[in-house]
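Notes follow the structure.
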Amino acid sequence: MWRFIGSRLLQAIPVLFIVIALTFFLVRFAPGGPFSTEKAVVPEVKRALEAQYHLDQPLLVQFGSYLSDLARGDFGPSFKYPGRSVNELIAAGIPATAELGFYALIVAVVLGMTAGIVAALSPNTWRDYLPMSSAMIGICMPTFLLGPLLVLIFGLWLEWTPVSGWGEVPGDKILPSLTLGAAYAAYVARLTRSGLLEVLSQDYIRTARAKGLPNFIIVFKHALRGSLIPVVAFLGPAFAGLLSGSFVVETIFQVPGLGRFFVQAAFNRDYTLILGSTVFFAVLIVVFNLLSDVLAAWLNPRLRSGLGDRS
Amino acid sequence: MISIRTLLLISLVILTACSGGERRVPQGIKDGILHIGNGTEPQGVDPHTTTGIPEHRIQQALFEGLVGQDPKTLEPIPGVAERWDVSPDGRTYRFYLRHNAKWSNGDSLTAEDFRWTWWRGLQPALGNEYAYMMYPVKNAEAYATGKLTDFSQVGVRVVDPYTLEIELNAPTPYFMQLLDHQSMYPLPRKIIEKFGSPTDRFSLWTRPENIVSNGPFKLTEWKLYKRVTVEKNPYYWDAANVKLNGIVFYPTENTVTEERLFRSQQLHVTSSIPLDKISRYRQERPDELRINPYLGSYYLLINTTRPGLNDARVRRALAMAIDRESLIKNVLSNVNFPAYTLTPPGTGGYQPPTLLKFDPEGARKLLAEAGYPNGKGLPNVEILYNTNEAHRKIAVAIQQMWKANLNIDTTMLNQEWKVYLDNRDTLNYSVARAAWIGDYLDPDTFLNMFITGGGNNDTGWSNAEYDDLILRKIPAMKTHEERMAGFYQAETILLQEMPIIPIYIYSTKYLIHPSVKGMPANLLDHYLFKQVSLEPDT
């Protein structure tokens, strides 16, 4: 098992290197720099600023020193916020992103499982078709469409919820969580439905029915547990997706999380912050994918023994 | 598996109870704490490394210059200096500092603190974008650009610990205003040097636990993306007259949310208001809505090096074919003021020439004279703007007016901010939107942009007579009347040549709770927080 984890981590190194190199050079070739502002900056001042951030050195030297800083876990200073390090800015953005991801996960599980159970209990009736076609729409609809749509309906027409913000007015966390969680809820619904249908046709369920147990107990006490394995396996990568994929939602709803500052950093040409967030997200995805693989292996005895053979 | 129901319940509770809390406005009135929407997350509070308005607001609370500005009239009022003399030739200022001026750690504030701060502000290595505010001071520009390395030749002299003498290049009537600019505020040498080199932009000296300041308030808390809190500074020389106990600044980038926060009694003052909410406030709560002229101009830059646009008659025709009144009424919710000159009328007592007006007939004639009758043959004009809904609407309206009045086909191009700036800078556009907010109440802050090769000229336009007026003749003028006549002459040239097309004059628009007193509107949108108080409705 340890060898498996070790080899996966080694594989991650070239991936991260390519991500860093691509981002590093791409942002520098984008027009405009961190110090171009509407008020023209005197050439002397501009030169001094570039010198302070080592932008006057050859690009490859800059890249080299960035990598060596990175190896020490130092993302460098922000260009936009003097006196702030990128590490600090990222750390400040994590709580909102993590909170949003967590609520979205709750939305995904609660909505998804409810819909899946309802559908599985009456297969091929309207109670199946309705949630399942909604789920299909949920999977297909991108968040940048669903978000504004929800805002339009619940924020502007019905005026039930705030249109944006995070933790500023009551209820402003509802729409972002729903928007982000919806696509995942749809997956969970489909997984739950198929899992539950499969389990419901098993012999032990028939035994339970024969014993005259009420339907409620059969479903919730006996069937559901078995049908949840695929859902659980799905939740690992889902959480990684929720954290890293939240920047669209954060931008729509102005959530002060990592994703939004990632986008703003790009607009500000805050080179170090762009790179720092990219690397951070890349690491996050690598780690969560690895975790879910480990989890899947641990859940699945066949895979587990396979790993054991190799080690 | 009842856990599903529990989970549902928990999530509902979390989602509904996760935010909100106390209403800050009544609580703030009780505690003397002002809650204010401050636009974006401030870059920092070091006046030498930041330039924005949200930063400036906080700096105004934390620091005080030699002189301040009356929030109503913007006339100079005593600050750290209790009085001052000006030499008869208007080039030498002598400031007498009050002996009881102190830093927020109790240390005395002396003339040397100002000298050192300005030395720092002019260090080429620091990269202070506002260094030019000090350029009226003798040799300051030469020092800041590295042409002079001996700071003792710069016109700042400490006569004794409480007397500071400043020598200027030329009499500069607006110099007293510059002293209230954030880049001229005194900074604590001891603290800055404790946390690194004075020219280090990455220094931690501005962190709440480190910073020392000399203004009515001191920084006590800075939570990224949440709030910046300042509390009354007990060592401030006029602390007895500071009415507020503290101010909390919130980053409120989203004006829709900000308005909601105001409505739910979470903010006393907002930084802005969404355009579509204005009419509702006008009708229902006019006393909470504040709309005032602001020292800013919105205009179109014209690339005078492009064929067609290199003809002043074409440029004037374009300017005359825009119906500004209609634009403001139909596109801008009637909150701005039509501009027929670059400098807003009334800037420091200046009345600009009235040369430009909406005149489609005259515009068509000019265009025909230039060789493009009925717009025929004019190379394509493209309006460049940075991606923004309001800019787009304005560009569309202008496009339609040019089509209707001049029969000119215009295309539109929106670009992301930095790309737009880059193209503006390299003259890679034909017509582009632009705006300028004046730094001080004097026409100079607008008109000096368009000197040949000026950093904000961005039009390729050059006029020797104009340069001569702005750079040499006006600075040598002795009386106010003479100067204003000089600016009138310069702006006349600008309007005849029309390298830029004035569109509208900015306005500040925001919401303010009736309990907030002592915060009058002014052209620079400056607040004097030491005079602000919160009084419950009686």
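Values computed for the structure shown
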{"item": "Over the protein assembly as shown: Kirkwood hydrodynamic radius from C-alpha pairwise inverse distances, Å", "result": "30.5 Å"}
{"item": "As computed over region B:296-507, the Cα convex hull volume per residue (Å³)", "result": "109 Å³"}
{"item": "Computed over region A:207-252, Kirkwood Rh from alpha-carbon pairs, angstrom", "result": "13.3 Å"}
{"item": "Part-to-part distance (alpha-carbon centres) for region A:90-105 and region A:133-169, which is given in Å", "result": "19 Å"}
{"item": "Accessible area that becomes buried as A packs against B, both chains, 1.4 Å probe, Å², nearest 100", "result": "5100 Å²"}
{"item": "Exercise: per-residue mean of other protein chain Cβ atoms within 10 Å, B:415-425", "result": "5"}
{"item": "Computed log₁₀ I(q)/I(0) - Debye formula, equal Cα scatterers, no solvent, region B:215-367, q 0.15 Å⁻¹", "result": "-0.99"}
{"item": "Cubic angstrom per residue, convex hull over Cα atoms of region A:11-154", "result": "206 Å³"}
{"item": "Charged-residue dipole, Cβ positions (Lys, Arg, Asp, Glu), region B:238-290 about Cα centre, Debye nearest 20", "result": "160 debye"}
{"item": "Debye, to nearest 20: dipole size of the protein assembly as shown, +1 on Lys, Arg Cβ, -1 on Asp, Glu Cβ", "result": "2840 debye"}
{"item": "Relative contact order for region A:135-241, counting Cα pairs under 8 Å that sit 6 or more residues apart, in percent", "result": "25 percent"}
{"item": "Mean-position separation - Cα centroids, region A:1-51 and region B:277-334, in angstrom", "result": "40 Å"}
{"item": "Kirkwood estimate for chain B, i.e. one over the average of 1/r between Cα atoms, Å", "result": "25.4 Å"}
{"item": "Signed unit charges on C-beta, dipole axis of the protein assembly as shown, positive-most listed residue A:129, A:90, B:501", "result": "A:129"}
{"item": "D (Stokes-Einstein, µm²/s), Kirkwood Cα radius, region B:64-202, 0.890 mPa s at 25 °C", "result": "160 µm²/s"}
{"item": "Surface/4 estimate of mean projected area, convex hull on alpha-carbon atoms of region B:218-284, nm²", "result": "6.0 nm²"}
{"item": "Residues residue B:153 and residue B:496, FRET efficiency given R0 of 51 Å [Cβ-Cβ distance, rounded to 0.05]", "result": "0.80"}
{"item": "Nitroxide proxy distance, nm - points 7 Å out along Cα→Cβ at residue B:223 and residue B:280", "result": "2.8 nm"}
{"item": "Only Lys, Arg (+1) and Asp, Glu (-1) charged, at Cβ; region B:210-326 dipole about Cα centre in debye", "result": "160 debye"}
{"item": "Neighbouring partner chain Cβ atoms per residue of A:166-178, average, 10 Å criterion", "result": "5"}
{"item": "Solvent-accessible area, 1.4 Å probe, carbon plus sulfur percent, for the protein assembly as shown", "result": "58 percent"}
{"item": "Selected from B:52, B:108, B:455, residue furthest toward positive end of dipole (chain B; charges at beta carbon)", "result": "B:52"}
{"item": "Neighbouring partner chain Cβ atoms per residue of A:256-264, average, 10 Å criterion", "result": "2"}
{"item": "Candidates A:157, A:298, A:166: whichever shows maximal mean-square fluctuation once chain A is modelled as a Gaussian network with Cα springs under 10 Å", "result": "A:157"}
{"item": "Sparsely packed GluC sites (Glu not before Pro) within region B:53-111, loop by DSSP, other Cβ within 10 Å at most 12", "result": "none"}
{"item": "From phi via Karplus (6.51, -1.76, 1.60), per-residue ³J(HN,Hα) for region B:219-227 in Hz, x at Gly/Pro", "result": "6, 10, 8, 9, 9, 3, 6, 10, 6"}
{"item": "FRET efficiency, 1/(1 + (r/R0)^6) with R0 30 Å, evaluated for residue B:105 and residue B:31 via beta carbons", "result": "0.75"}
{"item": "Paramagnetic label zone (point 7 Å from Cα along Cα-to-C-beta, residue A:8; backbone N under 11 Å) in region A:218-240", "result": "A:237"}
{"item": "Average Cα contact separation per residue, chain A, under 8 Å, 6 or more apart, as relative contact order %", "result": "26 percent"}
{"item": "Extreme residue, positive dipole direction of the protein assembly as shown, given options B:446, B:479, B:137 (C-beta unit charges)", "result": "B:446"}
{"item": "Computed over region B:193-346: relative contact order in percent, which uses C-alpha pairs under 8 Å that are six or more apart", "result": "11 percent"}
{"item": "Flagged links, alpha-carbon separation over 22 Å, of B:357/B:418; B:72/B:277; A:80/A:173; B:72/B:393; B:138/B:478; B:223/B:517", "result": "B:357/B:418; B:72/B:277; A:80/A:173; B:72/B:393; B:223/B:517"}
{"item": "Along each principal axis, Cα extent of region B:26-127, largest first, Å", "result": "51, 36, 31"}
{"item": "Most mobile listed residue (A:181, A:101, A:76) in chain A, GNM with C-alpha springs under 10 Å", "result": "A:76"}
{"item": "Calculated from backbone phi, Karplus (6.51, -1.76, 1.60) coupling profile of region B:320-325 in Hz, x at Gly/Pro", "result": "6, 8, 9, 8, 5, 4"}
{"item": "Translational diffusion of chain A, µm² s⁻¹ [Kirkwood Rh, Cα pairs; Stokes-Einstein; 10 °C; 1.306 mPa s]", "result": "71 µm²/s"}
{"item": "Residue A:204-residue B:452 pseudo-label distance in nm [points 7 Å out on the Cα-to-Cβ vector]", "result": "9.2 nm"}
{"item": "Sorted largest first, extent of region A:63-148 alpha carbons per principal axis (Å)", "result": "63, 24, 21"}
{"item": "Cβ-derived FRET efficiency at R0 51 Å, residue A:140 paired with residue B:310, nearest 0.05", "result": "0.45"}
{"item": "Accessible area in square angstrom per residue, region B:296-507, 1.4 angstrom probe", "result": "39 Å²"}
{"item": "Zone residues, region B:61-96, relative to residue B:163, backbone N less than 17 Å from point 7 Å out along Cα-to-Cβ", "result": "B:81-88, B:92-96"}
{"item": "Most mobile listed residue (A:132, A:113, A:141) in chain A, GNM with C-alpha springs under 10 Å", "result": "A:141"}
{"item": "Whole-number D in µm² s⁻¹ for region B:415-538, Kirkwood Cα-pair radius fed into Stokes-Einstein, 4 °C, 1.567 mPa s", "result": "74 µm²/s"}
{"item": "Threshold 50 Å², region B:120-139 residues less accessible with all protein chains present than alone (1.4 Å probe)", "result": "B:129"}
{"item": "For chain A: accessible area per residue (Å², 1.4 Å)", "result": "48 Å²"}
{"item": "Sum of side-chain charges, residue B:324 neighbourhood, beta-carbon under 13 Å (Lys, Arg +1; Asp, Glu -1)", "result": "-1"}
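The values are calculated or read from the model by the stated rules, or taken from the named source; none is laboratory data. From a predicted model like this one, the values you see are computed outputs, not experimental measurements. Glycine also receives a Cβ, built like all others from the backbone with ideal geometry; neighbour counts cover every protein chain displayed. Protein only, heavy atoms only, side chains kept; ligands, DNA and RNA dropped before computing areas. Shrake-Rupley method; radii C 1.70, N 1.55, O 1.52, S 1.80 Å.
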